[in-house]
Amino acid sequence: MNRTDNRETRRHDITEAVLRVMTRSGLHAVTMRAVAAEAGVSLRLVQHYFETKQHLMHTTLNRLTEEMTQRLRTRLTGAHRPRDVMEAVLAEAVPTDERSRAFHLAYTSYAVLAVTDETLAAHPFLNAPDAMETFVTRQLTRARDDGDLAPGLDPRTEAVTLLATAAGLGVAVLAGQRTPQEATAILHSGLARLFPNPASPGEQGEATAEEGGHK
């Protein structure tokens with residue numbers, strides 16, 4: 001392993017330690033010393049790779065964002081119709097496994113702290129909802145133009161409503177108020193309202209074939 005690979009491995013291990021501390025004890029428990037202990041390395045080593053806690057947190061959040069973006073891209077593979085795209089988006093909207101739980105917990109905690117911290121508020125990590133709102137609005141606009149969206153609905157309003165519902169349900173799952181299955185069922189109910197006409201038998205068969213190819 002060369003020096004560059006070793007450096008990246010060290011940085012990766014340290015950011016993974018950040019996520020473990022955060023998911024176990026909360027974002028407020030993430031300190032340079034706590035992360036060093038979790039990673040099994042010296043505080044000096046953590047400070048060597050990440051000069052400040054802010055640098056450490058930003059790097060960790062960027063890694064997590066990139067990972068979740070790739071998860072969504074993978075789900076979007078083979079999704080051609082707006083409804084298929086929305087199904088993929090909603091599948092990532094609820095924390096259903098350890099990694100997605102870490103992402104949702106990090107985002108929710110960070111967003112709350114950013115309300116009173118201008119430094120945190122400036123981080124691009126918090127821009128994700130705006131980008132997703134634009135993306136979902138475009139998909140719903142396309143569905144409206146194709147005649148697949150329920151009549152009389154405004155794409156932007158429905159995008160905001162759907163994503164706000166997803167965000168609230170995500171917090172409910174984190175808090176143990178809802179199970180991931182319950183939250184997902186509620187989101188699919190909202191999707192059914194937007195797309196009242198089911199796919200034709202041929203389209204259903206095509207979708208099933210695509211799903212089978214990605215399992």
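Among the residues of segment 12-34, just one is of a type in the set (Val, Ile, Thr), open to solvent by 20 Å² or more (accessible area, probe 1.4 Å) and either part of a helix (DSSP H, G or I) or more than 15 Å from Val46 (Cα to Cα) (or both), namely Thr23. Inside segment 147-170, residues that are more than 19 Å from Ala88 (Cα to Cα) and open to solvent by 70 Å² or more (accessible area, probe 1.4 Å) make up a count of 4. Does Arg144 satisfy the condition of being open to solvent by 70 Å² or more (accessible area, probe 1.4 Å), touching a helix residue (DSSP H, G or I) at 6+ places or on another chain (Cβ under 7 Å) and either polar (S, T, N, Q) or more than 21 Å from Ala17 (Cα to Cα) (or both)? Here the answer is yes, as Arg144 does meet what is asked. Among the residues of segment 72-118, those that are under 29 Å from Gln54 (Cβ atoms), among the charged types (D, E, K, R) and buried (at least 17 other Cβ atoms within 10 Å of the Cβ) comprise Glu92, Arg101. Is it true that some residue in segment 173-181 is in a helix (DSSP H, G or I), among the hydroxyl-bearing types (Ser, Thr, Tyr) and out of contact with any strand residue (DSSP E or B) (no Cβ under 6 Å at 6 or more places or on another chain)? Among the residues of segment 173-181, not one is in a helix (DSSP H, G or I), among the hydroxyl-bearing types (Ser, Thr, Tyr) and out of contact with any strand residue (DSSP E or B) (no Cβ under 6 Å at 6 or more places or on another chain), which makes the answer no. Would you check if there is a residue in segment 57-70 being closer than 30 Å to Asp148 by Cβ and either crowded, with 17+ Cβ neighbours inside 10 Å or of a type outside the set (Ser, Thr, Tyr) (or both)? Yes, because at least one residue in segment 57-70 is closer than 30 Å to Asp148 by Cβ and either crowded, with 17+ Cβ neighbours inside 10 Å or of a type outside the set (Ser, Thr, Tyr) (or both). Summed over segment 65-105, the residues that are assigned to a helix (DSSP H, G or I) and among the small types (Gly, Ala, Ser) give a count of 4.
The values are calculated or read from the model by the stated rules, or taken from the named source; none is laboratory data. Model, not experiment: these values are computed from the prediction. Every residue, glycine as well, gets a Cβ built from its backbone with ideal geometry; the counts of neighbours run over all protein chains shown. For accessibility, only protein heavy atoms count, side chains too; no ligands or nucleic acids. Shrake-Rupley method; radii C 1.70, N 1.55, O 1.52, S 1.80 Å.
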